[in-house]
Amino acid sequence: MATIAVYSLKGGVGKTTLAVNLAWGAAVQSSRRTLLWDLDPQAASSWLLGDERKAKDAAHAVFAKDVSPEKLIMQTATPGLDLLRADASLRGLDQFFFELGKRKRLAKLLGDLDKTYDRIVLDCPPGLTETSEQVMRAADLILVPVIPSPLSRRALDEVVAYLAREHGKHAPILPVYSMVDRRRALHIAALEGNADWPVIPMASAVEQMTVRRAPVGSFAPGSPAGEAFSRLWTGVERKLARVRSK
């Protein structure tokens, strides 16, 4: 099993979009048994892939080990892709981790799922928090969406510096340019400065996700965004293979 965290220091950079489409790619492109675990109390991934049933406010109980993850996991409309939903109870998760004092609780829970899933994608809450600390210890690969702007790039640099300072050896970080508009000079300049970073365009197909409540690949695989997500997932699998071979 491999764990891919989608994380950003700031919100509004396409984090959930990235997590949902990566999870779809794992399940459909690679035929991996995949779980998308929504750790963000805003529960955007849960809304996009879940059904109309009201969440039970039990997501926090998984970390207290009052409820096993398997009890809350649900199937999605995509074969091979399951969802562990977020809910409002996760608002207290940072305080819980702080008081618990166990730095690898999330890693242990993920380890318990390694016989059930091949890939687990974590949609993480933004910010440097106790939850993000748990994520960084548990992930095999950390994807960071970056809007082509100085402020978003500064947030990425802060994350990289923090990990180097606080964690020393940590999971590889893969920056991904998101919401890219090639008509903007600022975006073009940013892309030229990091030509090897994956690029996800700003596109109507991405906006349609919230209408269709589905990943782009399920309804517009041949669109520029659909093809970009497909290439990204292929790159992620190659990166994971290299990480595992070391």
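The values are calculated or read from the model by the stated rules, or taken from the named source; none is laboratory data. Quick caveat: nothing in here was measured; it's all calculated off a predicted structure. Heads up, the Cβs are rebuilt from the backbone with ideal geometry, glycines too, and the neighbour counts pull from every protein chain shown. Areas reflect the complete protein model, heavy atoms only, side chains present, ligands, DNA and RNA absent. Shrake-Rupley method; radii C 1.70, N 1.55, O 1.52, S 1.80 Å.
Given contacts defined as C-alpha pairs under 8 Å and at least six residues apart, what's the relative contact order of the chain, whole-number percent?
Numbers: 431 pairs, mean separation 64.1, N = 246.
RCO, the chain: 26 percent.
When all alpha-carbon pairs of the range 139-220 are counted, what percent fall beyond 18 Å? Intermediate results must be reported in sequence, preceding the final value.
Working: 1730 of 3321 pairs.
Percent of Cα pairs beyond 18 Å in the range 139-220: 52.
Expressed in nm to one decimal, what extension gain is obtained for the pair Asp196 and Glu166 from 0.36 nm per residue of sequence separation less their Cα-Cα distance? It would help to have the intermediate numbers written out before the result.
Numbers: separation 30, 0.36 × 30 = 10.80 nm, distance 2.68 nm.
Going from the current span to full extension adds 8.1 nm.
Express the Stokes-Einstein translational diffusion coefficient of the chain in µm² s⁻¹, to the nearest whole number, given a Kirkwood radius over alpha-carbon pairs, 20 °C and a viscosity of 1.002 mPa s. Taking Rh from Cα pairs, D becomes 118 µm²/s. Between the listed residues Ala77, Ala171, Ala64, the Cα displaced farthest toward the positive end of the dipole of the chain, a dipole computed from Cβ unit charges relative to the Cα centre, is found at Ala171.
Which order do you get for His170, His60 if you rank them by accessible area with a 1.4 Å probe, largest at the top? Mind dumping the intermediate values first?
On the way: His170 65, His60 45 Å².
Ranked from most to least accessible, the order is His170, His60.
Given their separation in residues at 0.36 nm each and the Cα-Cα distance between them, Leu128 and Glu158 gain 9.8 nm when the chain is fully extended. Using every pair of separate Cα atoms, the Kirkwood estimate puts the hydrodynamic radius of the range 36-90 at 11.1 angstrom. Taking each residue as 0.36 nm, the span from Gln75 to Lys108 lengthens on full extension beyond its C-alpha to C-alpha distance by 9.6 nm. Volume per residue for the range 68-130 equals 112 cubic angstrom (convex hull of Cα atoms). What you get for the chain, charging only the Cβ of Lys and Arg (+1) and of Asp and Glu (-1), is a dipole of about 460 debye around the Cα centre.
Express the carbon and sulfur contribution to the solvent-accessible surface of the chain as a percent, rounded to the nearest whole number, probe 1.4 angstrom.
Of the solvent-accessible surface of the chain, carbon and sulfur hold 52 percent.
Take the Cα of Ser245, step 7 Å toward its Cβ, do the same at Trp47, and the gap between the two points is 4.2 nm.
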